[in-house]
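All remarks here apply to the structure that follows.
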Amino acid sequence: MGSETVTAADAGTWKFGDLAVNRLGFGAMRLTGTAAFGLGVPREREPSITVLRRAVELGVNHIDTASFYFSSLRSANELINRALDPYPDDLVIVTKVGPGRDPSGVWQWATPDQLRGQVEENLRQLGRDHLDVVNLRAKRPGTPIAELFGALAELRDAGLVRHLGVSNVDHEQLAAARAIAPVVCVQNQYGVDAGRAESDDLLRFCGEQGIAFVPFYALAGEGRETGPRGDEADPVRDIARAHGASVAQVRIAWTLQQGPHVLAIPGTGNPDHLAENVAAAGLRLSPDEMARLDAVAA
């Protein structure tokens, strides 16, 4: 599958409130070598900066990040700042708060009073006076989030945040948040073979309500967090071969075809993988192929 003429715009667009983005974006977690729940192996600075600038050249105008995406040497936000400041007018940077890490990498969860500090840390690292979208990541589905989301709503009212979203949530948590302030996006684990039982209904509900649904770990299999499976299920591999595509491209295309409100944020620190991921914006799977992939989860 060629990538010569395909850009992120080929995936179509959606809006976070009044902010339009191409549905194929970029996840920044892997820029620093950051592991999901650890420091990971640090990446070199210049290749990551090259990837960010190339992503924008390829039409990416939605970057997902967080202040806790850092290795022992550098943070994703600081790389974004260095690579892209002054920021393009249409670039939307989405960050998340709730979890955090101290300088040694030890995880901690913010209280409502601590969320302002997390927001301000993102502002400092990114060199901005406001954040486009901030997602509150719940510790786990089912945990109360009203007090935390209320604190973020106050920061939105103060002008530090433009729009709010939630992450790692269930229906009840989403309802609790929406009772406090508008929610423009939901980030949950969701992929061909991961998170389907928990999020299928929520994905459909978000579409009915005009809320963006943004899967994370969409390239990972069940129980994996940071990359594509090494033992791809036969339908994924076979469909990829039929299209002359990679298994990652098939997974991205499947994600985008879940609905016009569904966005993809594959991440990489490799320029070749970036071009491959963006090229998936032009891959269209047939109804039969979609059904075969849906059967993987079943």
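The values are calculated or read from the model by the stated rules, or taken from the named source; none is laboratory data. In this text the structure is predicted, and so the values were computed from the model without any measurement. Positions of Cβ are backbone-derived with ideal geometry, glycine not excepted, and every protein chain shown enters the neighbour counts.
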Only one of (1) crowded, with 22+ Cβ neighbours inside 10 Å; (2) modelled with pLDDT under 90 is not met by HIS62, so which one is it?
(2)
Considering only segment 154-200, how many residues are modelled with pLDDT under 95, out of contact with any strand residue (DSSP E or B) (no Cβ under 8 Å at 6 or more places or on another chain) and charged (D, E, K, R)?
3
With VAL106, VAL97, VAL119 as the choices, which residue is within 23 Å of LEU73 (Cα to Cα) and loosely packed, with under 13 Cβ neighbours inside 10 Å?
VAL106
Evaluate segment 46-53: report whether one residue or more is at pLDDT below 90 and either crowded, with 18+ Cβ neighbours inside 10 Å or among the aromatic types (Phe, Trp, Tyr) (or both).
no
With criteria (1) out of contact with any helix residue (DSSP H, G or I) (no Cβ under 6 Å at 6 or more places or on another chain); (2) at positive phi, ASP89 comes up short on (2)
Within segment 99-113, track down each residue that is at pLDDT below 90 and either at positive phi or of a type outside the set (A, V, I, L, M) (or both).
ARG101, ASP102, PRO103, SER104, GLY105, TRP107
Pick from segment 131-168 the residues that are in a helix (DSSP H, G or I) and free of Cβ contacts under 8 Å to residues at least 12 places away in the same chain: which of them is surrounded by the fewest Cβ atoms within 10 Å (Cβ to Cβ)?
ASP157
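Identify, please: which residue in segment 234-271 is of a type in the set (Ser, Thr, Tyr) and more than 11 Å from ALA218 (Cβ to Cβ) and is, among those, farthest from the chain's Cα centre (by Cα)?
To start, the set of residues in segment 234-271 that are of a type in the set (Ser, Thr, Tyr) comprises 246, 255, 268.
Now restrict to residues that are more than 11 Å from ALA218 (Cβ to Cβ): 246, 268.
Numbers: SER246: 20, THR268: 12 Å.
Once the filter is applied, the top-ranked residue is SER246.
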If we scan segment 201-224, do we find a residue that is of a type in the set (Val, Ile, Thr) and either at pLDDT 95 or above or at positive phi (or both)?
yes
